[in-house]
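Undergrad: Structure in structure tokens, see below.
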Amino acid sequence: MFSKILIANRGEIALRVLRACKELGIATVAVHSTADADAMHVRLADESVCIGPPSAADSYLNIPQLLAACEITGADAVHPGYGFLSENARFADILKAHKINFIGPSGDHIRLMGDKIEAKKTAAKLGIPVVPGSDGEVPTLEDARRVAKEIGYPVLIKASAGGGGRGMKIAETPDDIEMAFSTARAEARAAFGNDAVYLEKYLAKPRHIEFQVLGDGRGNAIHLGERDCSLQRRHQKIWEEAPSPALNEEARTRMGEIVAKAVGDLGYAGAGTIEFLYEDGEFYFIEMNTRLQVEHPVTEMVTRIDLVNEQIRVASGANISFSQEDVLPSGHAIECRLNAEDPRTFAPSPGNITYYHPPGGLGVRVDSAVYQGYTIPPYYDSLIGKLIVHGRNRVECMMRLKRCLDEIIIDGIKTTLPLFRDLVDHQDIADGMYDIHWLERYLSQPE
Ligand code: ADP
């Protein structure tokens, strides 16, 4: 087992990883920018190293500085959290070359899944159903027109290097294809320095359903069921739950078996998520994320399995500590992402938290790094915490969530709490009847 882990991240996820390290008896190193000197992860870690100025490019994304921090502290492994360098294949390769363990999959697996055209081809080869579309890159407008005609409008043009919904454009009719094709390419070139695009059938009212997987790198893999992340704004998830209100046991087991086998066949190591769109009883692969996800706690709440603990174990060469038969999800869990943002305009709202009171009680988990008196810096993501609630069934979970949303107090900044207080009272949410467009429709209605 590792003796010292450097956590290459900040905020709630740095704390989350720290907790797993402590429970495994592993020493921790926090890294921070000058803007984060007062952050909770710095205070709670055994050691800390300042790695640069506020800008993420100069600190949390600065590979030479992170290597130096490993060297100085003698850390033998790095946990990247999510975001920042977590899906950077070069970082994984460089650590390996320096004989430092990367707690995540191999650089090659990260690279493979980071290229969405390659990822889709690989998924199809492994027996995972994919969205109908082009066989790889669509290099010219003529090709785009031909493929779109074959699969039928509306179609979606997507960037191979895509992420965060960038480089994605819909063409409703043949009249739109020229514009959609050129803007998707231009956006992809600007955002990723790679303008390769591919084409997919645009699904009108799917749900976003993803499966959590865990592989040991030696051909064994397990799935931990699904999460429903259909409530999205601009392709960003804000509410996640497990199990999905839309799946039955048969569909869950069938898809779970397919993804676990695929991940095993790939020889994948560590935690990963296979994302699908789900419409009319069919699953369509969209991408695989080769890291821990923001929403992993909902899976932990229903399975009672610590995913970060398993990531660390697997990275150290140990076996996964349980078998597929031991995964016995029970009850229901919902996560709300608490962002320091205006609940209506979503404009960032950094600043000082003058009063903070988290909710508590049975089945309640708050993953956050904020505290009373903490000042949220303006340089990073606006996620300040996650409220995760578990109940024996969805009704109990929703009642508990409502109770927690009434209990939590965060003063001094604007947060997305009022939005969640409205959502728990909405009939469609109570019924679990929502697709990936529900939230945008809801937000576009006048108050
Ligand atoms: P990114 O990596 O940019 O996040 P994804 O492929 O994961 O891109 O897609 C993000 C979101 O875009 C999905 O959750 C879904 O809301 C929407 N989306 C992606 N592909 C399709 C499709 N073929 N039809 C309809 N919506 C889609």
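Undergrad: Out of the range 171-202, which residues are more than 15 Å from SER160 (Cα to Cα), surrounded by fewer than 16 Cβ atoms within 10 Å (Cβ to Cβ) and within 14 Å of the ligand (Cβ to nearest atom)?
TA: GLU172
Undergrad: Let me ask something else about it. When both residues are 6+ apart or on different chains and their Cβ atoms are under 7 Å apart, which pairs have a first residue that lies in the range 243-260 and is farther than 10 Å from GLU226 by Cα and assigned by the TED database to the domain that holds ILE388, and a second that is modelled with pLDDT of 95 or more and charged (D, E, K, R)?
TA: Close Cβ pairs satisfying both conditions: PRO245/ASP228; PRO245/ARG394; ALA246/ARG207; ALA246/ASP228.
Every residue, every condition in (1) outside the structural domain of PRO377 (by the TED database); (2) touching a helix residue (DSSP H, G or I) at 6+ places or on another chain (Cβ under 8 Å); (3) on the phi < 0 side of the Ramachandran plot, yes or no:
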site	(1), (2), (3)
CYS21	yes, yes, yes
SER33	yes, yes, yes
ALA39	yes, yes, yes
GLY52	yes, yes, no
PRO64	yes, no, yes
HIS98	yes, yes, yes
ASP115	yes, no, yes
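Undergrad: Checking the condition surrounded by fewer than 19 Cβ atoms within 10 Å (Cβ to Cβ), free of Cβ contacts under 8 Å to residues at least 40 places away in the same chain, outside the structural domain of VAL17 (by the TED database) and under 26 Å from LEU15 (Cα atoms), which residue from PRO418, PRO378, PRO359 passes?
TA: Values: PRO418 fails: free of Cβ contacts under 8 Å to residues at least 40 places away in the same chain; PRO359 fails: free of Cβ contacts under 8 Å to residues at least 40 places away in the same chain.
Step by step, each of PRO418, PRO378, PRO359 is checked, and only PRO378 is surrounded by fewer than 19 Cβ atoms within 10 Å (Cβ to Cβ), free of Cβ contacts under 8 Å to residues at least 40 places away in the same chain, outside the structural domain of VAL17 (by the TED database) and under 26 Å from LEU15 (Cα atoms).
Undergrad: Moving on to the next point. If you take the residues in the range 290-328 that are within 19 Å of SER230 (Cβ to Cβ) and not polar (S, T, N, Q), which one is surrounded by the fewest Cβ atoms within 10 Å (Cβ to Cβ)? Steps first, answer last, please.
TA: Residues of the range 290-328 within 19 Å of SER230 (Cβ to Cβ): 293-299, 301-302.
Still in the running and not polar (S, T, N, Q): 294-298, 301-302.
Details: VAL294: 21, GLU295: 24, HIS296: 27, PRO297: 23, VAL298: 29, MET301: 26, VAL302: 23.
Across the range 290-328, the extreme among qualifying residues is VAL294.
Undergrad: Just to confirm my filter: which strands (runs of 3 or more DSSP E) fall fully inside the range 170-251 and include at least 2 residues that are hydrophobic (A, V, I, L, M, F, W, C) and over 24 Å from PRO154 (Cα atoms)?
TA: On the way: elements: 197-201, 207-216, 221-233, 236-242.
Because the criterion is at least 2 residues that are hydrophobic (A, V, I, L, M, F, W, C) and over 24 Å from PRO154 (Cα atoms), the strands (runs of 3 or more DSSP E) in the range 170-251 that meet it are 207-216, 221-233, 236-242.
Undergrad: Inspect the range 263-272 for any residue being in contact (Cβ under 8 Å) with a residue 40 or more places away in the chain, within 16 Å of the ligand (Cβ to nearest atom) and not in a helix (DSSP H, G or I) and give the result as yes or no.
TA: Looking through the range 263-272, at least one residue is in contact (Cβ under 8 Å) with a residue 40 or more places away in the chain, within 16 Å of the ligand (Cβ to nearest atom) and not in a helix (DSSP H, G or I).
The values are calculated or read from the model by the stated rules, or taken from the named source; none is laboratory data. Just so it is clear, the structure is predicted and the values come from calculations on it, not from any experiment. All Cβ positions, glycine included, derive from the backbone under ideal geometry; neighbour counts span all protein chains shown.
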